[in-house]
Amino acid sequence: MEKAEEWITYGLDLIKEFGPKLVTAIIIYIIGMWVIKRVVRGTRTVMSKSKYDESLQKFLLNLFSWALKIFLVIIVISRLGVDVTTFAAVIAAAGLAVGLALQGSLSNFAGGVLLMIFKPYKIGDLIEAQGVLGVVKGIEIFTTKLVTPQNKLAIVPNGAMANGNIINYTAEGKMRVDTVIGVGYGEDIKKTKEVLLKVLTSNPKVLEDPAPSVNVMELADSSVNFAVRPFCKPEDYWDVYFNTYENCKLALDAAGIEIPYPHQVEIHKDA
């Protein structure tokens, strides 16, 4: 009975000593998170009005949010009575160990910073990197998100992006569409070029500058192959690509120009 009373007394003493600190720490945390959300939201509004680059804006806001949250956690811990100096030393030691274990993550963070500084691409650009082709959806602290032509989300580490080859199809504002059309050897080359070029110039999505081109590319085994190369905006690439093949076939048929294909010849033997 006496031991039970001692435990109850001990518990009450703990509540009296640490209860107010714990309640205060919880209140500080709740209010702090509320303030951080408002501050980040306000910062986003200011950056939007200042016409910050969207990629840089998201990256900085993400980094700013995490810095504020870490600062809040330190305040909460100090309010609980923990010596912040000692805590900082422990965190530093733990940080070293974690840093060694998470070298890849730190490399990705550094890669994200480099991407923000040199800006090889931005949100909305069509790029090819690390074997992935897609439109940049977001550049975060550790990763870059791409949406592929198949509407799949690809998440690529920033470390690999910063240290690898990047092809930016959007940067120049125009792309060349490479298609190959073959016609029979008996067809008139000049007439064929005129028909194919008319297909390109009649497409409103094909740019006038640089001008589209049609040239003999190869004398193949069974066809004369033409390099049919229109230019277009990056967002119109697939429309122009597919329309070029379809419209070239229709135009060649209308002009009576043969597109060669394998023929099967039946040999009849007399019984």
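Some points to look at:
- Hey, T170 closer than 16 Å to K58 by Cα, among the polar types (S, T, N, Q) and at pLDDT 90 or above or not: no
- Of all the listed residues (Y241, Y245, Y185), the sole one being more than 15 Å from E128 (Cα to Cα), out of contact with any Phe, Trp or Tyr (no Cβ under 9 Å at 6 or more places or on another chain) and in a loop (DSSP other than H, G, I, E, B) is Y185.
- Cβ pairs under 7 Å, 6+ apart, first in segment 151-169 and without any contact (Cβ under 8 Å) to a residue 24 or more places away in the chain, second loosely packed, with under 13 Cβ neighbours inside 10 Å: A154/T148
- For segment 139-155, taking the residues that are out of contact with any Lys or Arg (no Cβ under 8 Å at 6 or more places or on another chain) and assigned to a strand (DSSP E or B), the one that is nearest to N108 (Cα to Cα) is identified as T143.
- Subset of segment 131-148 [loosely packed, with under 15 Cβ neighbours inside 10 Å and under 14 Å from I166 (Cα atoms)]: G131
- Test: residue in segment 131-150 that is free of Cβ contacts under 8 Å to residues at least 12 places away in the same chain and more than 22 Å from C232 (Cα to Cα): yes
- Residues located in segment 201-231, provided they are closer than 22 Å to E172 by Cβ and in a loop (DSSP other than H, G, I, E, B): N203, P204, K205, V206, L207, E208, D209, P210, A211, P212, P230
- Number of residues in segment 183-197 that are under 39 Å from the mean Cα position of the chain (by Cα) and modelled with pLDDT under 95 equals 0.
- Selection count, segment 189-217, where residues are farther than 16 Å from N247 by Cβ and in contact (Cβ under 8 Å) with a residue 24 or more places away in the chain: 6
The values are calculated or read from the model by the stated rules, or taken from the named source; none is laboratory data. Just so it is clear, the structure is predicted and the values come from calculations on it, not from any experiment. Ideal geometry is used to build each Cβ from the backbone, glycine not excepted, and the neighbour counts take in all protein chains shown.
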